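Structure record follows, encoded as structure tokens.
Just so it is clear, none of the values below were taken in a lab; they were calculated from the coordinates. On a predicted model such as this, the values are computed, not experimentally measured, just so you know. Glycine also receives a Cβ, built like all others from the backbone with ideal geometry; neighbour counts cover every protein chain displayed.
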Amino acid sequence: MSQYDKLVRLKEFELDEKRRDAGSILSEINRLTEKKQSLDVSLKQEQDISSSSIEALGQYSNFASRVKKEREIVDGAIAEVEKAYVEASRLVNAAYQEVRKAEIIRDEAVKKEAEKRRREQQMEMDEIAQNIHRRKNTN
């Protein structure tokens with residue numbers, strides 16, 4: 001394995017690491033979104049219960065204000081985590097660009113090595129041809 005292959009593997013590993021980080025952040029966004037939806041469902045259920053009972057109506061305002069505060073907290077957390085996700089996505093893109101650069105460098109090195117071998121073989125063939133030509137002319 002050449003040094004260029006090792007470089008590509010290292011860059012691919014770093015890219016995978018960044019993708020895992022972004023994925024965990026995205027799963028946190030999903031978890032918070034589900035929590036927000038759960039709050040909405042519980043608020044709707046409480047509205048239905050309070051509309052059928054006067055006793056529950058008095059407690060509904062306290063419940064609704066508490067749910068509203070929780071939603072604000074969750075919305076703030078979602079906003080923060082989304083910022084982190086945007087940054088993680090930027091890092092994934094940068095890591096992908098690094099992988100591409102490493103692959104291009106590796107491919108160019110392989111091409112140069114192949115061209116060098118081709119030239120060396122051609123020089124050997126030319127030398128053999130010259131020797132054959134000299135032998136024919138000396139006879």
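Residue-wise HN-Hα couplings along the range 27-35, as the Karplus relation 6.51 cos²θ - 1.76 cosθ + 1.60 with θ = phi - 60° gives them from phi, are 5, 5, 4, 4, 4, 5, 5, 5, 4 Hz; Gly and Pro carry x. The stretch between residue 52 and residue 101, if pulled fully straight at 0.36 nm per residue, gains 11.0 nm over its current Cα-Cα span.
Given 11/101; 116/136; 11/83, which pairs have Cα atoms separated by over 19 Å? Let's see the in-between values first.
Details: 11/101 9 Å; 116/136 30 Å; 11/83 25 Å.
Exceeds cut-off: 116/136; 11/83.
Ordering 109, 26, 122 by Cα displacement along the dipole of the chain toward the positive end leaves 122 in first place; charges were set at the Cβ atoms of Lys, Arg (+1) and Asp, Glu (-1).
In the frame of its principal axes, the range 33-139 has Cα extents of 123, 21, 8 Å, reported largest first. Within the shell defined by Cβ-Cβ distances under 9 Å, the residues around residue 91 carry a net charge of 0, with Lys and Arg each +1 and Asp and Glu each -1.
Would you give the gap between the C-alpha center of the range 122-139 and the C-alpha center of the range 16-88, rounded to a whole Å? If you average the Cα positions of each part, the centres end up 84 Å apart. Based on C-alpha pairs under 8 angstrom that are at least 6 apart in sequence, the chain has a relative contact order of 44 percent. When the range 1-120 is described by a simple charge dipole with +1 on each Lys and Arg Cβ and -1 on each Asp and Glu Cβ, the residue from 92, 37, 81 located farthest towards its positive end is 92. GNM remark for the chain: springs join alpha carbons under 10 Å apart, and the peak mean-square fluctuation among 11, 112, 83 falls on 112.
For residue 35, the aspartates and glutamates whose Cα falls under 17 Å of its own Cα, not counting residues fewer than eight places away in the same chain, are 46, 70, 72, 75, 80, 82. For the residues 126, 48, 16, a GNM of the chain with alpha-carbon springs under 10 Å puts the largest fluctuation on 126.
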